[in-house]
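The values are calculated or read from the model by the stated rules, or taken from the named source; none is laboratory data. Note that the structure is a prediction, hence the values are computed from the model and not measured. Here the Cβ positions follow ideal geometry from the backbone for every residue, glycine too, while neighbour counts run over all protein chains shown.
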């Protein structure tokens, strides 16, 4: 374990997903975090169609252990009302640090202008925004090239780094072309050497550790970074220092 770095998990969930045995249990989450050596986890709730209910549940969860959990807002173009007032409440009143979107819940590609009010809010505030990406039609990583250029003050985090090829290489290409795009590591799989490829392609300063806790056990997700053939300083950046910078901690 790297003892001289605060480890921050950039990708975690609040809520229940019974079909996948994902429980809404902070004690169970803390058990896994403690065994892995994770200091803090960033959490969001994507399971409610209205922002207020999900944000209130996230805030209640985070409040139980505010030294270990960091709340993220969740936003969707499917909300019946303008998303900005609820985002303002989440960031300014509830103290959330970033925004999560999940395009597969919508019919809209992530570069569709319907997302622009959310992106504009992140851009105005200089916030990080993390999106699920992968093989789904709405969210291949290459679409972020169309977004990052239009909103240069936001920090766009490509969740899962596209996960598998060819989407992983798309994610790296976008991060290389746009300095406000970052790659997040959770559930990237299929072959050893994924972390080395992300670092070689985009640089360690643009890679963030994430685990998908509690949907996934964070220990193997952390292990692929700890055992990667990269430098000690690169690991420190990925495991926590980049997150601290993006989240203004």
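Observations on the structure shown:
- Top-ranked residue in region 1-14 [being at pLDDT below 90 and surrounded by 19 or more Cβ atoms within 10 Å (Cβ to Cβ); ranked as nearest to the chain's Cα centre (by Cα)]: 13
- Some residue of region 143-156 being in a helix (DSSP H, G or I), more than 17 Å from the chain's Cα centre (by Cα) and closer than 20 Å to residue 205 by Cα: yes
- Test set (1) without any contact (Cβ under 8 Å) to a residue 60 or more places away in the chain; (2) under 18 Å from the mean Cα position of the chain (by Cα) - residue 124 fails condition number: (2)
- The set of residues in region 132-146 being surrounded by fewer than 24 Cβ atoms within 10 Å (Cβ to Cβ) and in contact with a helix residue (DSSP H, G or I) (Cβ under 7 Å, 6 or more places away or on another chain) consists of 132, 134, 135, 136, 138, 140, 142, 145.
- Subset of region 225-243 (residues that are in a helix (DSSP H, G or I) and more than 15 Å from residue 200 (Cα to Cα)): 226, 236, 239, 240, 241, 242, 243
- So residue 46, is it within 27 Å of residue 140 (Cβ to Cβ) and part of a strand (DSSP E or B): no
- Residue check for residue 201: surrounded by 18 or more Cβ atoms within 10 Å (Cβ to Cβ) and closer than 18 Å to residue 98 by Cβ: no
- Some residue of region 73-88 being in a helix (DSSP H, G or I) and either in contact (Cβ under 8 Å) with a residue 40 or more places away in the chain or under 20 Å from residue 219 (Cα atoms) (or both): no
- Subset of region 89-108 that is touching a strand residue (DSSP E or B) at 6+ places or on another chain (Cβ under 9 Å) and in a loop (DSSP other than H, G, I, E, B) - its residue that is surrounded by the most Cβ atoms within 10 Å (Cβ to Cβ): 96
- The residues listed here are 179, 219, 168, 190; of these, the one that is in contact with a helix residue (DSSP H, G or I) (Cβ under 9 Å, 6 or more places away or on another chain) and modelled with pLDDT of 95 or more is 179.
- Pairs linking a residue in region 2-19 that is under 21 Å from residue 238 (Cβ atoms) to a residue that is modelled with pLDDT under 65 and surrounded by 14 or more Cβ atoms within 10 Å (Cβ to Cβ), with Cβ atoms under 9 Å and 6 or more positions apart or on different chains, are 13/22.
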